[in-house]
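Trainee: Below are the structure tokens for one structure; questions will follow.
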Amino acid sequence: MKMLPRRRGPTRFQRAADGSMTLLEHLQELRSRLFKASLAVLAGMIVGWFFSGWVLNFITQPYCTYMSTRGKPALGQPGQCNLLQTGLTDVFTLKLQLALWMGLVLAGPIWLYQLWAFVAPGLHRHERRWAYWFAGIAAPLFATGAVLAYLVVSKGLAFLLQFTPSNVTTALEVSGYVKFITNFMLLFGVAFEFPLVVVLFNIAGIASARRLLGWWRVAVFVFFLFSAITVPTADPFGMSLMGGALTSLYFGAVLFAYLNDRRRARRHRDEFGDVDDDEVSPLEYDVDAVDAGPRIEDLQPVAPPRSLERRYDDVT
């Protein structure tokens with residue numbers, strides 16, 4: 001006996017996209033995806049715990065490199081870098097924090113997919129396409145900003161610590177030092193996402209490339225002012241590096257806006273011709289010939305309606 005193929009129903013994505021899922025089903029899906037994302041972060045945190053010592057050494061490397069070459073007294077043996085632990089559990093808590101950061105990075109593809117799978121059914125197809133591009137560009141920009149912050153801190157420590165007199169002992173507190181560098185890297189990473197905001201304004205039709213290019217003087221001033229406030233060093237190297245990088249990214253976003261405006265204008269011209277958005281399109285006044293209908297005298301009269309008793313009997 002031949003078995004008929006089993007008819008499959010709509011998938012969860014299709015049901016969420018067409019609005020057939022109930023509120024309780026949405027909440028259950030959210031709980032399931034949060035649970036999977038939490039498990040992925042926990043697994044990444046366990047892996048990150050074994051590498052937290054290496055990450056701690058990597059973060060403190062700029063300070064250790066300078067202290068090993070400065071030739072000034074420090075706590076412990078001369079030429080060594082020694083960070084202070086003022087609390088009994090400071091280093092343990094610090095390694096847990098570093099493990100959590102590494103867990104978020106290692107499990108990033110998983111929890112980002114869970115977040116995307118929950119949000120994507122509510123977006124249109126072209127919105128999902130742009131979201132793919134934004135997600136693919138945001139991660140490299142954030143990583144570039146974090147690396148730049150690490151380089152700025154490496155140069156900034158040498159500038160700040162060179163004013164320490166020879167009779168003063170330098171020893172930084174480990175939790176405060178690592179927190180300072182990680183927050184600084186986070187700040188630079190978020191700042192490098194600013195071009196995506198500019199691109200989003202252009203895609204949404206809020207700002208054109210011509211208007212963005214007209215704001216370049218204000219944008220450059222704001223970038224260098226932001227760099228002067230956030231960069232911890234007083235030397236012009238860190239401020240110039242940060243401001244120049246943000247300025248380059250801004251002009252890159254303006255170039256994208258220019259190409260996008262040209263593509264949008266070409267598509268508009270193909271659909272509506274050379275008519276502007278605020279211009280009324282010309283109407284066509286060509287009159288089509290209308291054939292004459294039958295005369296009233298030639299129409300057959302309609303039979304009068306019969307009463308209800310004649311149309312139906314007792315049965316019907």
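The values are calculated or read from the model by the stated rules, or taken from the named source; none is laboratory data. Note that the structure is a prediction, hence the values are computed from the model and not measured. As a convention, Cβ positions derive from the backbone with ideal geometry for all residues, glycine included, and neighbour counts pool all protein chains shown. The area values use the complete protein model at the heavy-atom level, side chains included, leaving out ligands, DNA and RNA. Shrake-Rupley method; radii C 1.70, N 1.55, O 1.52, S 1.80 Å.
Trainee: Could you tell me the accessible area of residue 220 in Å² (1.4 Å probe, neighbours in place), rounded to the nearest ten?
Mentor: 30 Å²
Trainee: Long-range amide H contacts for residue 170: which residues qualify at under 5 Å (H placed 1.01 Å from N, peptide plane, sequence gap of 5 or more or a different chain)?
Mentor: 75
Trainee: Further question on the same structure: Taking a point 7 angstrom from the Cα of residue 258 along the C-beta vector, which residues in segment 185-218 have backbone N less than 11 Å away?
Mentor: Only 209-210, 213 pass the distance filter.
Trainee: Using a Förster distance of 30 angstrom, determine the FRET efficiency expected from the C-beta separation of residue 225 and residue 82, and round it to 0.05. Display every interim value, and only then the final one.
Mentor: Working: r = 37 Å, r/R0 = 1.23.
The calculated FRET efficiency here is 0.25.
Trainee: In nm, to one decimal, how far is the modelled label at residue 210 from the one at residue 183, with both set 7 Å along Cα→Cβ?
Mentor: 4.5 nm
Trainee: Local charge sum around residue 174 (other residues, Cβ-Cβ under 14 Å, Lys/Arg +1, Asp/Glu -1)?
Mentor: Net of charged neighbours comes to 0.
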